[in-house]
Amino acid sequence: MRPATTLIAARGVRGFGDGFTALLLPVYLTSLGFSPFRVGVLTTATLLGSAALTLAVGLAGHRFPAKRLLFAACVLMGLTGIAFSQAHAFWVLAVVGFVGTLNPSGGDVSAFLPLEQSLLSHAGPPSQRTHLFARYTLSGALMGALGALSVGLLAPLGALTGLPQLTLIEWTFAAYGLLGLVSAALYRTLPDAPVESEAPRTPLGPSRRNVYGLAALFSLDSFGGGFLVQSLFALWLFHRFGLSLPAAGAFFFWTGALSACSQLAAPPLARRIGLVNTMVFTHIPASLCVIAVAFAPNVSVVFALMFVRALLSNMDVPARSSYVMAIVTPAERAAAAGVTNVPRSLASAFSPALAGLLYSVSPFAWPLVIGGSLKIAYDLLLLWRFQKVRPPEELDP
């Protein structure tokens, strides 16, 4: 289980960096004088770049050792942090966001994901696969929550050093780059040879139809999720309710912590009702909470609804990852992970710019209504299309 421990730890390290950069990104960009629409455009650029790189890894990554690709991604993460800490021009930042690893969504939408998921699916017996993915996503979500909470340290650091907030934020992006080196140090402990029982990685073959069907549905879900990315939602909270940065950090910490802990309930729930039902029946109530937030009269109601959403919204993540790995052949897992994870950044890349435009022209949170509605449509279509496509462990003996 050593490879699994390494992958889970590396996910936590990157999750911490994603947690504070997702929250500081809109603050940084607005401090540089960029409008909400430009913030949305830059968010779109980062997600498009992540999608392109993830797709390349998923389709062609089987030609290279996974460990070598993980090291390359760590180097890119380090360069991304350094570039964001130094550049101020909008188009320079947009280019760096496109080619780099910065993640404005608060979740994991990077080239690391298909590689780690493929390795993790072979790191234990099939009966433990959902449990391993739950620990993996728990690590990322919990450390992401701590990363969001850490932005509250900027105020006391500013008082202690006398440095302006903009300079401190630049330092945090440099720290994000250093976390890439920490991840690389963890990956060094992975075996050079494939983990035990891992089949040679190949392109998609017999499972192509199901994988492409899932990818299409995940595209719809991700397009809806793009209206709800953490950076733009934080920007709405800042403008709509005048929320301070430390208060926002504490809020995203608690939602992230609740979301992380709730994922531990996914494996036993999946064993009881199945992976697809776990995805759908926890996701729909969470999306209804998002829609309700748009009509909330004050920030207390917003917090209450988002806390309920946090308890439900990410229980589908380990179930979804486990389901994809279960319904394909072992040799197709790396390609399947890449093809199905690409929509999480590709489809969602187009909606942040639209969300930024909507926030610019109307005080009402139309992106929350649109995003929540699209996610409900995804859940219903997933249930209709894949309810009878069951993984081996759910088939009757």
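The values are calculated or read from the model by the stated rules, or taken from the named source; none is laboratory data. Here the structure is a predicted model, which is why all the values come from computation and not from measurement. With ideal geometry, Cβ positions are generated from the backbone for all residues, glycine too; neighbour counts draw on all protein chains shown.
The table below gives the values:
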read-out: Top-ranked residue of segment 153-188 - restricted to ones that are crowded, with 17+ Cβ neighbours inside 10 Å, in contact with a Ser or Thr (Cβ under 9 Å, 6 or more places away or on another chain) and not aliphatic (A, V, I, L, M), ranked as farthest from residue 266 (Cα to Cα); value: 170
read-out: Any hit, segment 311-327, residues being under 20 Å from residue 248 (Cα atoms), under 18 Å from the mean Cα position of the chain (by Cα) and without any contact (Cβ under 8 Å) to a residue 60 or more places away in the chain; value: yes
read-out: Any hit, segment 238-259, residues being crowded, with 17+ Cβ neighbours inside 10 Å and polar (S, T, N, Q); value: yes
read-out: Qualifying residue in segment 383-393 (condition: free of Cβ contacts under 8 Å to residues at least 40 places away in the same chain, among the basic types (Lys, Arg) and within 30 Å of residue 207 (Cα to Cα)); value: yes
read-out: Residue under evaluation residue 133, criteria (1) farther than 29 Å from residue 271 by Cα; (2) touching a residue at least 24 places away in the same chain (Cβ under 8 Å); (3) among the aromatic types (Phe, Trp, Tyr), criterion not met; value: (1)
read-out: Qualifying residue in segment 31-47 (condition: under 17 Å from residue 173 (Cα atoms) and surrounded by fewer than 24 Cβ atoms within 10 Å (Cβ to Cβ)); value: yes
read-out: Checklist (1) surrounded by fewer than 20 Cβ atoms within 10 Å (Cβ to Cβ); (2) more than 19 Å from residue 369 (Cα to Cα) applied to residue 337, failing item; value: (1)
read-out: Residue among 51, 9, 72, 4 that alone is free of Cβ contacts under 8 Å to residues at least 24 places away in the same chain, of a type outside the set (Asp, Glu) and in a helix (DSSP H, G or I); value: 72
read-out: Elements of type helices (runs of 4 or more DSSP H) in segment 285-397, at least 1 residues being acidic (Asp, Glu); value: 316-326, 366-386
read-out: Enumeration of residues in segment 28-45 that are part of a helix (DSSP H, G or I) and more than 17 Å from residue 357 (Cα to Cα); value: 28, 31
read-out: Of all residues making up segment 13-62, the number that are in contact with a Leu (Cβ under 7 Å, 6 or more places away or on another chain) and among the small types (Gly, Ala, Ser); value: 6
read-out: The lone exception for residue 79 - which of (1) over 30 Å from residue 129 (Cβ atoms); (2) without any contact (Cβ under 8 Å) to a residue 60 or more places away in the chain; (3) surrounded by fewer than 19 Cβ atoms within 10 Å (Cβ to Cβ) it fails; value: (2)
read-out: Selection count, segment 273-315, where residues are surrounded by fewer than 19 Cβ atoms within 10 Å (Cβ to Cβ) and polar (S, T, N, Q); value: 3
read-out: 1 or more residues modelled with pLDDT of 90 or more and of a type in the set (Val, Ile, Thr): qualifying helices (runs of 4 or more DSSP H) within segment 137-237; value: 165-187
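Listed here are the residues, each with its yes/no results for (1) surrounded by 19 or more Cβ atoms within 10 Å (Cβ to Cβ); (2) among the small types (Gly, Ala, Ser); (3) at pLDDT 85 or above; (4) within 18 Å of residue 49 (Cα to Cα).
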residue	(1), (2), (3), (4)
317	yes, no, no, no
329	no, no, no, no
333	yes, no, no, no
348	yes, yes, no, yes
358	yes, no, yes, no
368	yes, no, yes, no
